[in-house]
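Student: One structure coming up, written as structure tokens, with questions to follow.
What follows draws every value from the coordinates through simple rules; no lab data is involved. Source: prediction; values computed, not measured. Don't worry about glycine lacking a Cβ; one is built from the backbone with ideal geometry, like all the others, and counts go over all protein chains shown.
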Amino acid sequence: MAYSEKVIDHYQNPKNVGTLDKSQKNVGTGLVGAPECGDVMRLQIQVDEETGVITDAKFKTFGCGSAIASSSLATEWLKGKSVDEALTIDNMDIVEELNLPPVKIHCSVLAEDAIKSAINDYRIKNGMEKIRFEESVVH
Amino acid sequence: MLKLPVYLDNNATTPMDPRVLETMIPYFTEHFGNAASRNHPFGWEAEEAVDYAREQVAKLIGADPKEIIFTSGATEGDNLGLKGVYEMYASKGNHIITATTEHKAVLDTCKHIEKLGGEVTYLEVNREGLIDLQELEAAIKPTTILVAIMYANNEIGTIQPIKEISAIAKKHGALFFTDATQAVGKIPVNVNKDGIDLMAFSAHKMYGPKGVGALYVRRKNPRVKVTAQMDGGGHERAMRSGTLNVPGIVGFGKACELCMLDMEKDTQRISKLRDKLETELLKLEEAYVNGSREHRLPHVSNISFKYVEGEGLMMGFNKNIAVSSGSACTSASLEPSYVLKALGLGDDLAHSSLRFGLGRFTTDEQIDYTIEQVSNTVLRLREMSPLWEMYKEGIDLNKIEWAAH
């Protein structure tokens, strides 16, 4: 199976690889997936507490090229969005942008889960209620 | 000079040796006859060529030419050997013993036999991929007609104690079948010394053409018979009907002859390269060899690079280096290699594995290049692996509650 050019580009030049200080109140961390399943994503957002805008996003991913590309793309999209806007990122947008084949859709689902998980972590840290999301279907 | 791309997936298939191709060509055009045409020179020529190839194949495994049944490959050989014995010896019993690390062509055939009413015992293997001889003996019943254990494993290269296994089968009056696809042509295999009653193997794993293989069926002590699985003209002593693939068989014969001629020299050179590759890659932290290092094919190395995922790893160099991975991120099930899991490896290590299969045409420069590329990619991916970061921070990954999905 050949990878799309966009996947290859993100894999070779991943954007925003790194770690934010998770002890900071304005940093939300999402860790999803499992080593046994062959992919683990950690996605972090740093939020401007005044404006609610995501000023920085970082990721680290254990997984195939599509998983790495999905998380790299997610961090790019997160930066500059408000936390509420970030919630609208849908896994199918990632599928479309990266041209992921059906067997790789779970990578985009994982990225969406990581975003939601990071946002919830941020919300809980800042005294807001955890948002209950519907269970992901594709897994 | 470095020749790219580097092909290190010789367990999947091997390139054909140009010397093999050369011998095959005339049999497509000039000598195109049907080996079963008994009444004209076209048929005679083809028959003669097949007979010669049969001798070449038999010689490599220490068999009599009459014991070679040409097939389309090892999958067919596995099917014919297992189903053929199951049907032929139905009056003696219905029990077969095999192992969990067999090739799918054996495992799925066994499952089919179970549906037909057969009983199959699947022996587990130890950390090295070896079956336990005592367990084997304990599994034998009065109804056991066949023990089917592969010669060497395709994913990890582990070589089973064939002589001991066949002795146990013989002692209890069961036949011994082995899928020797990865072993024949690579290491000395002798059906008599090894006590093999039936053996499937294939040309394309030993620098011959695809689409041709053989099933060895013993003719003496004991005389073994299999029920044909295809009906037709009664070719191959009525065990395998179908017009013979003459050019393929001629190539198969030549490939066997070359393997016999070059085995010692090839093995020496290839195992040295394999050892160099392995030694260098094991210098990376948290890299482990899977399977037995002692009882192993000389050209295979299966290594897990902890905290990086195999498919992601391959993507770092797969434009220039072809290997395979025990990870199965592409399959819908997301299940990693069942062979690696059978060794007792966690799914995480199975997902992190690469299989290197060297071959006759692998060069020193290619191995140096592979060492460099693989090492660099492992290091690069670990820098972006959350698991690596946790490991480095001293976090026990087993204690984390992963959101299983």
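Student: Under 22 Å Cα-Cα from A:LYS25, which lysines qualify once same-chain neighbours fewer than 8 residues away are excluded?
Tutor: A:LYS58, A:LYS60, A:LYS79, A:LYS81, A:LYS116, A:LYS125, A:LYS130
Student: Given an 8 Å cut-off on Cα distances and at least 6 residues of separation, report the relative contact order of chain B as a percent. Write down the numbers at each step before the final one.
Tutor: Working: 797 pairs, mean separation 89.0, N = 405.
Once normalised by length, the contact order is 22 percent.
Student: Within the P(r) computed for the protein assembly as shown, what percentage of the Cα pairs occupies the region above 35 Å?
Tutor: Values: 67475 of 147696 pairs.
Across the protein assembly as shown, Cα pairs with separations above 35 Å total 46 percent.
Student: Going by average Cβ neighbours within 10 Å, how do the peptides B:187-199, B:153-165 rank, with the highest at the top? Mind dumping the intermediate values first?
Tutor: Values: B:187-199: 20.2, B:153-165: 23.2.
Order by mean packing, descending: B:153-165, B:187-199.
Student: Hey, if you drop one equal point scatterer on each alpha-carbon of the stretch B:65-224 and run the Debye formula without solvent, what base-10 log of I(q)/I(0) do you get at q = 0.16 Å⁻¹?
Tutor: For the stretch B:65-224 at q = 0.16 Å⁻¹, log10 I(q)/I(0) is -0.83.
Student: With chain A treated as a Gaussian network of Cα nodes joined by springs under 10 Å, which of A:VAL103, A:VAL53, A:VAL27 yields the largest mean-square fluctuation?
Tutor: It is A:VAL103.
Student: To continue, here is another question. Could you work out the mean count of beta carbons from other protein chains within 10 Å of each residue's beta carbon in B:314-321?
Tutor: On the way: counts 2, 10, 3, 0, 2, 1, 0, 0.
Per residue, the number of nearby Cβ atoms from other chains is 2 on average.
Student: Ok, one more. Which percent, to the nearest 5, of DSSP beta bridges fully inside the protein assembly as shown are antiparallel? Can you show the working numbers first?
Tutor: Numbers: 41 of 60 bridges.
The antiparallel fraction comes to roughly 70 percent.
Student: Provide, in order from the shortest bin, the percent of all Cα-Cα pairs of chain B in each 20 Å bin, continuing until the bin that contains the maximum pair distance.
Tutor: 27, 53, 19, 1
Student: Computed from the mean reciprocal separation of all distinct C-alpha pairs, what Kirkwood hydrodynamic radius does the stretch A:11-52 have, in Å? Present the calculation step by step, with values, prior to reporting the outcome.
Tutor: On the way: mean 1/r = 0.0826 Å⁻¹.
It is 12.1 Å.
Student: Along its three principal axes, how long is the stretch B:183-307 when you only count alpha carbons? Whole Å, largest extent first please.
Tutor: So the three principal-axis extents are 59, 31, 29 Å.
Student: Enter the angle in degrees (range 0 to 90, nearest 10) between the Cα long axis of helix A:105-125 and the first principal axis of the Cα atoms of chain A, meaning the one along which they spread out most.
Tutor: 10
Student: Ok, one more. Suppose we take every Cα in the stretch A:50-139 and form the convex hull; what volume per residue is that in Å³?
Tutor: Expressed per residue, the convex hull around the Cα atoms of the stretch A:50-139 is 95 Å³.
Student: Roughly what % of Cα-Cα distances in the stretch B:123-164 sit above 16 Å, to the whole percent?
Tutor: The calculated P(r) of the stretch B:123-164 puts 37 percent of pairs beyond 16 Å.
Student: Another question, if that's okay. Any idea how far the Cα center of the stretch B:331-398 sits from the one of the stretch B:34-54, in Å?
Tutor: Centre-to-centre (Cα) distance: 50 Å.
Student: How long are the three semi-axes of the equivalent ellipsoid for the stretch B:1-81, computed from the Cα gyration tensor as the root of 5 times each eigenvalue, in whole Å, largest first? Let's see the in-between values first.
Tutor: Values: eigenvalues 162, 77, 30 Å².
Semi-axes from the Cα gyration tensor: 28, 20, 12 Å.
Student: Right, here's the next one. Just to be sure I follow: if Rg is taken over the C-alpha atoms of the stretch B:68-117 and Rh is the Kirkwood radius over the same atoms, what is Rg/Rh? Walk me through the intermediate numbers first.
Tutor: On the way: Rg = 11.0 Å, Rh = 11.4 Å.
Reported Rg/Rh (Cα atoms, Kirkwood Rh): 0.96.
Student: If you build the convex hull over the alpha carbons only and average its shadow over all orientations, what do you get for the stretch B:80-168? Give it in nm² to one decimal. Can you show the working numbers first?
Tutor: Numbers: hull surface 21.9 nm².
Value for the stretch B:80-168: 5.5 nm².
Student: Taking the Cα centre of each part, how many Å lie between the stretch B:188-242 and the stretch B:96-156?
Tutor: That distance is 19 Å.
Student: Given the stretch B:1-140, what whole percent of its Cα pairs are spread farther than 24 Å? Kindly include the intermediate steps, with their values, before the conclusion.
Tutor: Working: 5413 of 9730 pairs.
Percent of Cα pairs beyond 24 Å in the stretch B:1-140: 56.
Student: Give me the dipole magnitude in Debye, nearest 20, for the stretch B:286-381 about the Cα centre, with unit charges on the beta carbon: positive for Lys and Arg, negative for Asp and Glu. Intermediate values should be presented prior to the final figure.
Tutor: Numbers: 8 positive and 11 negative charges, 38 e Å.
For the stretch B:286-381, the charge dipole is close to 180 debye.
Student: What average number of partner chain Cβ atoms lie no more than 10 Å from the Cβ of the residues making up B:343-351? Provide the component values of the computation, followed by the final result.
Tutor: Numbers: counts 0, 0, 0, 2, 5, 7, 2, 2, 8.
Mean inter-chain Cβ contacts per residue within 10 Å come to 3.
Student: Peptide B:383-394: average number of partner chain Cβ atoms within 10 Å per residue? Please list the in-between numbers first.
Tutor: Numbers: counts 4, 13, 8, 14, 6, 2, 5, 5, 0, 0, 0, 0.
Mean partner shielding for this stretch: 5.
Student: When the convex hull of the C-alpha atoms of the stretch B:314-405 is computed, what volume per residue in Å³ does it have? Don't jump to the answer; show the numbers that get you there.
Tutor: Numbers: hull volume 12.7 nm³, N = 92.
Spread over its residues, the Cα hull of the stretch B:314-405 gives 138 Å³ apiece.
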